[in-house]
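Take a look at the structure below.
The values are calculated or read from the model by the stated rules, or taken from the named source; none is laboratory data. This is a predicted model, so every value here is computed, not measured. Cβ coordinates were reconstructed from backbone atoms using ideal geometry, including for glycine residues, and neighbour counts include every protein chain displayed.
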Amino acid sequence: MKYGSGFRESASYIVRSFQRRLRRQREKFLRKLARFLFRPKALLPLEKLGSDYGGWVVPSSLLSATSVCYCAGVGEDITFDLALIQRFGCDVHAFDPTPRSARHVASQAGTIDRYHFLPVGLWSEDAELKFYVPRNREHVSHSIVNLQQTDDYFVGRCRRLSSLMAELGHAHLDLLKLDIEGAEYAVLQSMLADRILPKVLCVEFDQPMPFRLTLKTVRALIRAGYQTCSIDGWNFTFVRES
């Protein structure tokens, strides 16, 4: 029996819909599992800074006007970065190699003295690397690890965190935010290897990545003295007081 193109298209649509539903259910289960395994502890007073989309929960008592804050992964939402400046009066250093992000920063924070932007990405070494485009070209976030398996890319400059700190003259960090489309695993590994231990660590663990890699990375942070104080989806906030 031969089937027409209409039947094949309908069958293909049903299969894709089923696969999408399975992926959503799997991710929902993994988020719940991560929250169960690494239950946040009510260590310090917490405060949400920034927009619903780009905001983060932070322990406000650990930050002040003298805090050194790095925010990697700007995209087109710098509300968290600007809220840090407004709330604490500190300087914020932001990093993103994406040209659209640079234009967004220029339009939103070009005259803010305490906001310092460099068009570089964070990685585990100093290198020129490919940043792959998202499937939806209206989205801004590009990925070194090619999260969405696309073909087009631009080449951007990347720095190891220790190299960047040396260049900027910082001996320590008070806050590090990583929203870097899958590159966070390599960056965190190099950060721990270099014994760079910010008091506040905000990390989005991007999916789809192997869940065992997320577990391994969080456990490595816990061994280094971090504790989870907030989990919102895949956005984790860690604190290290000593």
Sole miss for N146 among (1) under 17 Å from the mean Cα position of the chain (by Cα); (2) in a loop (DSSP other than H, G, I, E, B); (3) closer than 18 Å to Y70 by Cα is condition (3)
Residue set L33, L22, L63, L44; condition modelled with pLDDT under 95, over 17 Å from the mean Cα position of the chain (by Cα) and in the same structural domain as L161 (by TED's automatic domain parsing); output residue L44
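Test A102 against the stated conditions and say whether it is crowded, with 16+ Cβ neighbours inside 10 Å, at negative phi and assigned by TED's automatic domain parsing to the domain that holds H139.
Numbers: crowded, with 16+ Cβ neighbours inside 10 Å: no; at negative phi: yes; assigned by TED's automatic domain parsing to the domain that holds H139: yes.
No: the conditions fail for A102.
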Scanning the range 118-144 residue by residue, those crowded, with 20+ Cβ neighbours inside 10 Å and more than 22 Å from S190 (Cβ to Cβ) turn out to be none
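Can G169 be described as at pLDDT 95 or above and either crowded, with 17+ Cβ neighbours inside 10 Å or not assigned by TED's automatic domain parsing to the domain that holds D96 (or both)?
On the way: at pLDDT 95 or above: yes; either crowded, with 17+ Cβ neighbours inside 10 Å or not assigned by TED's automatic domain parsing to the domain that holds D96 (or both): no.
Here the answer is no, as G169 does not meet what is asked.
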Those strands (runs of 3 or more DSSP E) completely within the range 95-140 that have 3 or more residues that are free of Cβ contacts under 8 Å to residues at least 60 places away in the same chain are 115-118, 127-132
Of the residues in the range 42-80, those that are over 20 Å from R114 (Cα atoms) and touching a residue at least 60 places away in the same chain (Cβ under 8 Å) number 6
